[in-house]
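For reference, the structure discussed in these notes is given below.
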Amino acid sequence: MRLGYNTNGFAHHRLDDALEILAAIGYQAVALTPDVHHLPPFSSTTADMRRLRRRLEELNLAPVVEAGARFVLDPRRKHRPTLLEADPGERRQRFEMLGRCLEIAAEIGAPQLSIWSGGLPAGVTEEEGWGRLVPAVHELCERAATLGVGVAFEPEPGMFVESMEGWERLRDAVSHPALGLTLDVGHVRCTEDYGPGEAIRRYADDLRNVHLDDMRGRIHDHLQIGEGELDFRAILEALREVNYQGVASVELSRHSHAAPAAAQVAFERLQAAASAAG
């Protein structure tokens, strides 16, 4: 396993500076969120991506790509449009962005693209939502397979697919070898009746990408490691037990105002938890 940090937690930094800071702290991976200021998906060139790949190799940072930028498609609507929209043109807009993120992943050497469903728009039924999401994710997996990249789907509280039950339904309906799971340990706390360690064990065969953040109760608020109620020693023990070999990245997008310090604190606390786990 390689410990990483999501660039959505460095919203006020240039990407090159963020990468250098993370490598200096000791991180071995980065969850890169293509955004309006960090490798914009539609304006970044192949040369930009190849330069980034060389820099990642120099810094010994293993990448995954995250498609969770808030306003990259619409400056007025957070996380919109989605694959669930009533307007087919808007659905295609999201799909093409995800396809572009797959190309970025392939160019920079990232084995996984992490995605989510988005929320169900007003006026769209649950049946319509599944009828749009499943074929879109299957088509995306087909495109990913040609590029040698996996699609790691993340259940997200408040979105159409928010729970592990929803993940199972999507996984079984899409039924594609390129599809795997992004598991956010804090999200498990919000939506399930069991802990993240148990989720890691239950879904070990699906696991392709991991997000690390703390939570209190069932409130979906990404907290600094050690400031919520999660047992990171147990989480790291579970990841070790299932021999997880991918990236586990800290996701603290609301800590960008103090990004270097937040990344340092998270790293030190996770290192302490890893030492305690033995």
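The values are calculated or read from the model by the stated rules, or taken from the named source; none is laboratory data. Values in this document were obtained by computation on a predicted structure and should not be read as measured data. Every residue, glycine among them, receives a Cβ derived from its backbone with ideal geometry; neighbour counts consider all protein chains shown. Protein only, heavy atoms only, side chains kept; ligands, DNA and RNA dropped before computing areas. Shrake-Rupley method; radii C 1.70, N 1.55, O 1.52, S 1.80 Å.
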Residues in region 113-124: is at least one modelled with pLDDT of 95 or more, over 30 Å from Gly217 (Cβ atoms) and buried (at least 21 other Cβ atoms within 10 Å of the Cβ)?
yes
Among (1) closer than 21 Å to Phe267 by Cα; (2) under 17 Å from the mean Cα position of the chain (by Cα) - the single one Val161 does not satisfy:
(1)
Give me the residue from region 218-262 that is touching a helix residue (DSSP H, G or I) at 6+ places or on another chain (Cβ under 6 Å) and among the hydroxyl-bearing types (Ser, Thr, Tyr) and, out of that set, nearest to Pro196 (Cα to Cα).
Ser253
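Conditions tested, residue by residue: (1) open to solvent by 60 Å² or more (accessible area, probe 1.4 Å); (2) not in a helix (DSSP H, G or I).
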{"position": "His138", "(1), (2)": "yes, no"}
{"position": "Glu156", "(1), (2)": "no, yes"}
{"position": "Ala173", "(1), (2)": "no, no"}
{"position": "Pro177", "(1), (2)": "yes, yes"}
{"position": "Gly180", "(1), (2)": "no, yes"}
{"position": "Arg189", "(1), (2)": "yes, no"}
{"position": "Tyr194", "(1), (2)": "no, yes"}
Residues in region 135-156: is at least one closer than 25 Å to Glu229 by Cα, within 17 Å of the chain's Cα centre (by Cα) and of a type in the set (Val, Ile, Thr)?
no
Pull up region 217-235, narrow it to residues that are within 11 Å of Val185 (Cβ to Cβ) and either touching an Asp or Glu at 6+ places or on another chain (Cβ under 6 Å) or modelled with pLDDT under 95 (or both), then point me to the one that is least open to solvent (accessible area, probe 1.4 Å).
Ile225
Which of (1) closer than 29 Å to Glu241 by Cβ; (2) surrounded by 23 or more Cβ atoms within 10 Å (Cβ to Cβ); (3) of a type outside the set (Ser, Thr, Tyr) is the odd one out, the single condition Phe160 does not satisfy?
(1)
Please determine whether any residue of region 176-194 is over 28 Å from Gln271 (Cβ atoms) and among the hydrophobic types (A, V, I, L, M, F, W, C).
yes
Over region 140-154, the set of residues assigned to a loop (DSSP other than H, G, I, E, B) and either surrounded by fewer than 21 Cβ atoms within 10 Å (Cβ to Cβ) or in contact with a helix residue (DSSP H, G or I) (Cβ under 7 Å, 6 or more places away or on another chain) (or both) is Gly148, Val149
Any chance region 198-216 includes a residue that's without any contact (Cβ under 8 Å) to a residue 40 or more places away in the chain, in a loop (DSSP other than H, G, I, E, B), open to solvent by 20 Å² or more (accessible area, probe 1.4 Å) and over 17 Å from Asn243 (Cα atoms)?
no
